[in-house]
Number of protein chains: 2
Amino acid sequence: MVQVAVMGHGVVGSGVVEVLSQHVESIAKRAKEEISIKYILDIRDFPDSPFADKFTKNFEDIVNDDEVKVVAEVMGGVNPAYEFTKRCLLKGKSVVTSNKELVATKGAELIKIAKENNANYLFEASVGGGIPIIRPISQCLAANDVIEIAGILNGTTNFILTKMIRENMSFDDALKMAQQLGYAEKDPTADVEGHDACRKICILASLTYGKHVYPEFVHTKGITKIALEDVAYAASWGGVIKLIGQVKKLDDDKLDITVEPMFIEKNSQLANVDDVFNGILVRGDSTGDVVFYGKGAGKLPTASAVVADIIDCVKHLKARKYLYWSDSTDSIVKPYEETSYPVYIRLESAIDKQTLTEKIKALFGEVKFLAKANAPENEYSFVTGEMVVAEQQNAIDELEKNGIKILSVIRISDL
Amino acid sequence: MVQVAVMGHGVVGSGVVEVLSQHVESIAKRAKEEISIKYILDIRDFPDSPFADKFTKNFEDIVNDDEVKVVAEVMGGVNPAYEFTKRCLLKGKSVVTSNKELVATKGAELIKIAKENNANYLFEASVGGGIPIIRPISQCLAANDVIEIAGILNGTTNFILTKMIRENMSFDDALKMAQQLGYAEKDPTADVEGHDACRKICILASLTYGKHVYPEFVHTKGITKIALEDVAYAASWGGVIKLIGQVKKLDDDKLDITVEPMFIEKNSQLANVDDVFNGILVRGDSTGDVVFYGKGAGKLPTASAVVADIIDCVKHLKARKYLYWSDSTDSIVKPYEETSYPVYIRLESAIDKQTLTEKIKALFGEVKFLAKANAPENEYSFVTGEMVVAEQQNAIDELEKNGIKILSVIRISDL
């Protein structure tokens with residue numbers, strides 16, 4: 001019998017308790033030990049819970065109890081989760097988590113502490129909810145050089161974009177609907193501004209390339225400025241707009257890593273990942289493209305990933321799992337302005353069409369103009385060839401100096 | 001330094017040698033040991049290979065060399081792979097394989113021998129080529145009850161069906177093209193008759209439900225009788241025809257397991273898995289639907305999965321991996337005639353339409369007739385409600401007794 005503690009009894013935490021208590025037998029079979037919850041940590045009271053006797057408000061109960069071998073940290077946020085995790089690891093307890101913010105900002109340090117104390121720090125649930133992705137990347141793809149990872153990593157924004165694409169709903173209305181359905185929080189900033197997706201691509205990049213990539217070094221753009229006009233132009237181009245977290249290894253060993261909305265071709269595997277679903281594409285030199293698809297969030301999917309990690313810790317109480325990356329600085333990330341890709345631009349201009357076209361060609365080289373039904377007379381949109389970001393920006397500045405109003409700039413993906 | 005042997009230098013075997021020799025450093029880092037190939041077993045000569053000095057034609061060299069700790073069996077077929085695998089395991093050597101025929105027919109026995117000799121028998125490459133699926137099912141989904149697995153498990157047949165669906169190519173022409181492109185063998189029986197997909201769904205079912213499911217207990221139907229007319233009717237119904245291997249756990253703990261072509265709705269995740277790609281859907285009670293997608297075959301994808309297993313064996317030379325199922329009889333499989341589902345039927349009849357319609361309704365209950373452009377005047381097709389297979393068969397027999405010619409019978413999936 002192995003005793004575990006669950007820190008946090010919110011959506012995921014209560015799911016962990018539910019999954020552990022409803023699959024006792026099959027979990028014991030797989031872990032080769034029975035797993036029993038000794039403590040549930042929460043500052044709130046849950047007098048009606050069938051597990052009422054296990055609740056504590058005092059973290060010291062958990063950290064000081066030598067019987068507790070594995071702790072599930074499902075509180076979210078950096079504080080106090082960071083301190084609690086660190087102290088548990090220092091005591092040699094293994095910690096599993098769904099807390100992507102903590103892994104993305106403190107992962108290297110916590111993994112190191114785990115290693116030094118012969119414990120495990122596992123976080124399958126931090127990316128893709130119930131979709132197995134951390135293990136497949138670290139184990140099954142061990143015989144590959146991973147060239148690129150690209151994913152739809154945030155269900156909330158994917159739901160909103162799907163509503164905009166399929167039902168011509170405005171961003172504001174789609175966000176409201178997501179909030180009503182419980183897919184988006186009251187303060188949706190972390191989702192719609194891309195921070196959540198950024199944390200996840202940072203975790204995947206760190207794991208894949210062995211060095212911690214911190215969110216602050218990653219160019220991150222959300223979907224709040226996507227207009228229905230852009231959705232229509234994307235369709236006329238032959239694709240859809242998706243919020244993509246992407247990392248590629250470059251020839252100079254630096255990483256091209258970004259989170260931003262992108263035009264994706266309709267026949268790309270990620271173009272059909274809709275609603276609250278996540279899809280993650282891993283491109284290996286041997287395997288080619290492998291795609292993982294499923295619900296990226298939600299109580300039970302995420303909880304089941306946390307429990308799978310608990311089982312793995314119980315199976316490896318003595319032998320450590322190999323899951324490691326070292327600390328690093330911003331030097332592994334190629335500065336965003338130096339990266340290059342094609343871009344879609346929508347603008348409003350009173351200049352006559354021929355003069356404008358010449359101006360655009362002079363600044364951007366050959367471009368492809370897009371058309372859509374019912375476009376205002378003075379609206380133009382076009383797609384450039386591959387251009388360095390700094391040069392894109394210079395060209396855009398030049399247009400603005402000529403009194404042209406830039407309405408949208410969206411990356412064209414190579415997916 | 002750990003010494004390994006590769007048995008078989010065909011497509012996959014030469015790929016294993018290539019992957020091992022081209023990723024020496026990253027593999028050593030992940031395995032925490034350098035991995036070196038000591039022997040390559042093949043009855044043919046490869047004088048120009050850079051590994052010419054490692055070739056042997058004598059299996060005894062490998063099995064009797066105590067330095068060899070891990071053996072990759074990539075010969076295919078049951079004999080002599082079965083004997084060779086058994087003898088290696090009995091000597092305490094771990095064996096990894098891409099040989100789905102051997103795992104599907106002898107898995108329970110070989111896993112048992114591995115366990116008794118404190119060795120591992122791993123077969124990630126046997127299903128889905130380079131797509132990680134065996135590990136995710138056995139590990140990440142440990143906290144789930146798996147309700148159902150359904151997959152497009154054979155790339156050759158999926159390529160043929162895709163050509164039929166997208167380019168209106170006949171089965172014969174599509175098969176010829178697959179053979180020219182190297183996707184199908186000269187004798188395509190194992191692929192087009194569904195045997196290959198059957199072996200794979202048996203492996204997934206055995207792993208998931210803990211008891212060996214033998215191919216001979218599984219109702220298996222290939223795609224050789226699918227006509228372009230059926231493809232057109234499937235489109236008018238709102239879907240496509242795919243060869244699906246499927247297993248569901250029933251309330252009485254029996255398994256409903258089959259391989260057959262099915263009508264799949266267009267918006268199903270599996271409907272968009274095209275060409276030589278594989279897609280595997282795993283439905284868990286906690287995770288919901290998770291889909292794994294990628295190239296299900298090919299030299300390097302499959303080889304990289306074999307090498308990932310070699311790495312895992314090297315990491316677990318002392319501690320066994322938990323991957324186990326017990327032997328069983330046909331009693332765990334629900335007899336096919338007792339299972340039930342809706343079905344599509346196409347027929348030719350000279351009887352007047354009203355009489356025929358009444359006859360069909362009397363036999364099948366409410367049905368939905370399908371239409372397609374340019375259908376011959378005496379051709380009819382319809383979709384029934386859910387019906388027990390034995391009753392479907394009785395009704396079909398009754399139609400035939402009335403001089404009606406049955407042209408096609410295809411299952412309607414619930415995917």
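Being over 19 Å from B:VAL240 (Cβ atoms), within 14 Å of chain A (Cβ to nearest Cβ) and of a type in the set (A, V, I, L, M, F, W, C) is the filter here, so list the residues in the range B:126-183 that pass it. Within the range B:126-183, B:VAL127, B:ILE131, B:ILE133, B:ILE134, B:ILE137, B:CYS140, B:LEU141, B:ALA142, B:ALA143, B:VAL146, B:ILE147, B:ILE149 meet the criteria. Among the residues making up the range A:42-71, those that are hydrophobic (A, V, I, L, M, F, W, C) and in a strand (DSSP E or B) are A:PHE55, A:VAL68, A:VAL70, A:VAL71. Considering each of A:ALA190, A:ALA184, A:ALA197 in turn, give the residue that is crowded, with 24+ Cβ neighbours inside 10 Å and outside any strand (DSSP E or B). Answer to the check: A:ALA197.
Going by the structure shown, is A:SER14 assigned to a helix (DSSP H, G or I), crowded, with 17+ Cβ neighbours inside 10 Å and either within 14 Å of chain B (Cβ to nearest Cβ) or modelled with pLDDT under 95 (or both)? For A:SER14, the condition - assigned to a helix (DSSP H, G or I), crowded, with 17+ Cβ neighbours inside 10 Å and either within 14 Å of chain B (Cβ to nearest Cβ) or modelled with pLDDT under 95 (or both) - is met.
Among the residues of this structure, B:THR302 does not count as one that is within 26 Å of B:GLN246 (Cβ to Cβ) and free of Cβ contacts under 8 Å to residues at least 60 places away in the same chain.
Does the range B:222-245 contain at least one residue that is within 14 Å of chain A (Cβ to nearest Cβ), surrounded by fewer than 21 Cβ atoms within 10 Å (Cβ to Cβ), more than 13 Å from the chain's Cα centre (by Cα) and on the phi > 0 side of the Ramachandran plot? Scanning the range B:222-245, I find no residue that is within 14 Å of chain A (Cβ to nearest Cβ), surrounded by fewer than 21 Cβ atoms within 10 Å (Cβ to Cβ), more than 13 Å from the chain's Cα centre (by Cα) and on the phi > 0 side of the Ramachandran plot, so the answer is no.
Taking the numbered list (1) under 19 Å from B:TYR209 (Cα atoms); (2) in the same structural domain as B:SER138 (by TED's automatic domain parsing) in turn, B:GLN269 passes all entries but (1). When A:GLY279 is tested against (1) at pLDDT 95 or above; (2) over 15 Å from the mean Cα position of the chain (by Cα); (3) buried (at least 20 other Cβ atoms within 10 Å of the Cβ), just one condition goes unmet, and that condition is (2).
Of all residues in the range A:18-34, exactly one satisfies the criterion of being more than 7 Å from chain B (Cβ to nearest Cβ) and among the β-branched types (Val, Ile, Thr), namely A:VAL24. Of the residues making up the range B:18-41, those that are assigned to a helix (DSSP H, G or I) and touching a residue at least 60 places away in the same chain (Cβ under 8 Å) are B:GLU18, B:VAL19, B:LEU20, B:ILE27, B:ARG30, B:ALA31.
Just to verify a result, which residue in the range A:317-372, among those that are farther than 23 Å from A:GLU229 by Cα and of a type in the set (A, V, I, L, M), is surrounded by the fewest Cβ atoms within 10 Å (Cβ to Cβ)? That would be A:ALA362.
Taking the conditions (1) part of a helix (DSSP H, G or I); (2) hydrophobic (A, V, I, L, M, F, W, C); (3) at pLDDT below 95 in turn, A:LEU323 satisfies each one other than (1). Scanning the range B:317-330 for residues that are touching a residue at least 40 places away in the same chain (Cβ under 8 Å) and facing another protein chain (nearest Cβ under 8 Å) turns up just one, B:TYR322. For the range A:101-126, the tally of residues that are crowded, with 24+ Cβ neighbours inside 10 Å and either among the charged types (D, E, K, R) or over 22 Å from A:ALA308 (Cβ atoms) (or both) stands at 1. Quick check, is B:ALA125 touching a residue at least 60 places away in the same chain (Cβ under 8 Å), part of a helix (DSSP H, G or I) and under 18 Å from B:GLY15 (Cα atoms)? Considered against the rule, which asks whether it is touching a residue at least 60 places away in the same chain (Cβ under 8 Å), part of a helix (DSSP H, G or I) and under 18 Å from B:GLY15 (Cα atoms), B:ALA125 comes out as yes. Using the structure shown, decide if A:SER304 is touching a strand residue (DSSP E or B) at 6+ places or on another chain (Cβ under 9 Å) and closer than 20 Å to B:PRO132 by Cα. Against the criterion (touching a strand residue (DSSP E or B) at 6+ places or on another chain (Cβ under 9 Å) and closer than 20 Å to B:PRO132 by Cα), A:SER304 qualifies. Count of the range B:97-122 residues, restricted to those that are part of a helix (DSSP H, G or I) and hydroxyl-bearing (Ser, Thr, Tyr), is 1. For the range A:341-365, the set of residues classified as over 21 Å from A:MET262 (Cβ atoms) and out of contact with any strand residue (DSSP E or B) (no Cβ under 7 Å at 6 or more places or on another chain) consists of A:ALA350, A:ILE351, A:ASP352, A:LYS353, A:GLN354, A:THR355, A:THR357, A:GLU358, A:LYS359, A:LYS361, A:ALA362, A:LEU363, listed by residue number. Among the residues examined, A:GLU60 does not qualify as touching a residue at least 24 places away in the same chain (Cβ under 8 Å) and assigned by TED's automatic domain parsing to the domain that holds A:THR97. Collect the residues in the range A:266-275 that are surrounded by fewer than 20 Cβ atoms within 10 Å (Cβ to Cβ) and either within 7 Å of chain B (Cβ to nearest Cβ) or under 13 Å from the mean Cα position of the chain (by Cα) (or both), keeping them in residue-number order. The one that is surrounded by fewer than 20 Cβ atoms within 10 Å (Cβ to Cβ) and either within 7 Å of chain B (Cβ to nearest Cβ) or under 13 Å from the mean Cα position of the chain (by Cα) (or both): A:ASN272. From the set of residues in the range A:283-316 that are surrounded by fewer than 24 Cβ atoms within 10 Å (Cβ to Cβ) and part of a loop (DSSP other than H, G, I, E, B), which is farthest from the other protein chains (Cβ to nearest Cβ)? For the range A:283-316, the residue satisfying everything is A:ALA297. Condition check for B:THR329 on (1) modelled with pLDDT of 95 or more; (2) over 17 Å from the mean Cα position of the chain (by Cα): one failure, at (1). Checked against (1) over 30 Å from the mean Cα position of the chain (by Cα); (2) on the phi > 0 side of the Ramachandran plot, A:GLY8 passes all but condition (1). When residues in the range A:20-36 are screened for being of a type in the set (Val, Ile, Thr) and either buried (at least 23 other Cβ atoms within 10 Å of the Cβ) or within 12 Å of A:LYS315 (Cβ to Cβ) (or both), 2 of them pass. The single condition among (1) within 30 Å of A:ASN144 (Cα to Cα); (2) in contact with a strand residue (DSSP E or B) (Cβ under 9 Å, 6 or more places away or on another chain) that B:GLY182 does not satisfy is (2).
The values are calculated or read from the model by the stated rules, or taken from the named source; none is laboratory data. Computed from a prediction, not measured in an experiment: that's the story for all the values here. Don't worry about glycine lacking a Cβ; one is built from the backbone with ideal geometry, like all the others, and counts go over all protein chains shown.
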